[in-house]
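Comments concern the structure below.
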Amino acid sequence: MIPSFYQHWRHVFKLDPDREISDEALDRVCLSGTDAILVGGSSGVTYDNTVDLLSRIRRYESPCALELSDPACAVPGFDGYFIPMVLNTPRREWLIGRQTEALAEFGHLMPWESVAGEAYIVLNGESTAARVSGADASISAAQVLAYAQLADRLWRVPVLYMEYSGAFGDMALVRKVRDELNQARLVYGGGIRTAAQAREAASAAHTIVVGNAIYDDLEAALQTVGAARAAHEQAKEQGYVF
Ligand code: 1GP
């Protein structure tokens, strides 16, 4: 059975356990109307800072999932878990190495009904995600589409994540990838800082993720929730079903 805890998510705020967020800001994020809170980061994530953030988020009703790239940070109590795999890296450890090592040890403990594989294509070479995973972000559009087909059709990974973290991506390419997908949900993240960008991204991908803006410009970040919803309503009116 493929888990479905994330299937209706259109807008997600991503919180980094390694970054400070005040109670007041967290309150506004969790009551913003976003569909879910995703907890994850590319560096400095520990068991302790993950537990701490989860317990603060749990004061609210928002669904909350963890992106788990290190089994040492496998904090129980999230509504769902994503296991990232970076497709466009030559470093096997980030594609399947760390994942199989973790499964060899903890596979029998995995709550599989709430675990989803998450195939990443990392497309901003300047991002921490690219630096840490060694991803080759300079790939062509044709290669991006090939990776998307590999994840969606060959491996049937349920979530494909186009990651431009820190930079607003190529929306024409995002849309093209989405239109090629057969079963995977397309998540877009990167550089969404305004309502207009959120609207554009939400009309190109199934789910959009807003991260940095929460920390840099909370007011603008909060505007992205309504903008994403408006984009989906408009798409529905036009008969487009995501
Ligand atoms: C990061 O895709 C998310 O993993 C969101 O990107 O931080 O640039 O919003 P930003």
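The values are calculated or read from the model by the stated rules, or taken from the named source; none is laboratory data. Bear in mind the structure is a predicted one, so any value in this text is a computation, not a measurement. For accessibility, only protein heavy atoms count, side chains too; no ligands or nucleic acids. Shrake-Rupley method; radii C 1.70, N 1.55, O 1.52, S 1.80 Å.
For the chain, what does the alpha-carbon gyration tensor say about shape, rounded, prolate or oblate, given a ≥ b ≥ c as the root eigenvalues, a/c under 1.5 as rounded, and a/b over b/c as prolate?
rounded
Solvent-accessible area per residue for segment 22-130 at a 1.4 Å probe radius, Å²?
47 Å²
In whole percent, and with a 1.4 Å probe on the protein chains, what portion of the accessible area of the chain is carbon and sulfur?
50 percent
Averaging sequence separations of C-alpha pairs under 8 Å and six or more residues apart, then dividing by the length of segment 32-77, give the relative contact order as a whole percent.
Once normalised by length, the contact order is 55 percent.
Using just the helices of the chain, give the 222 nm mean residue ellipticity in deg cm²/dmol: DSSP H runs with n ≥ 4 each add -39,500 (n - 2.57), and the total is spread over all residues, rounded to 500.
Helices in the chain give a 222 nm mean residue ellipticity of -10500 deg cm²/dmol.
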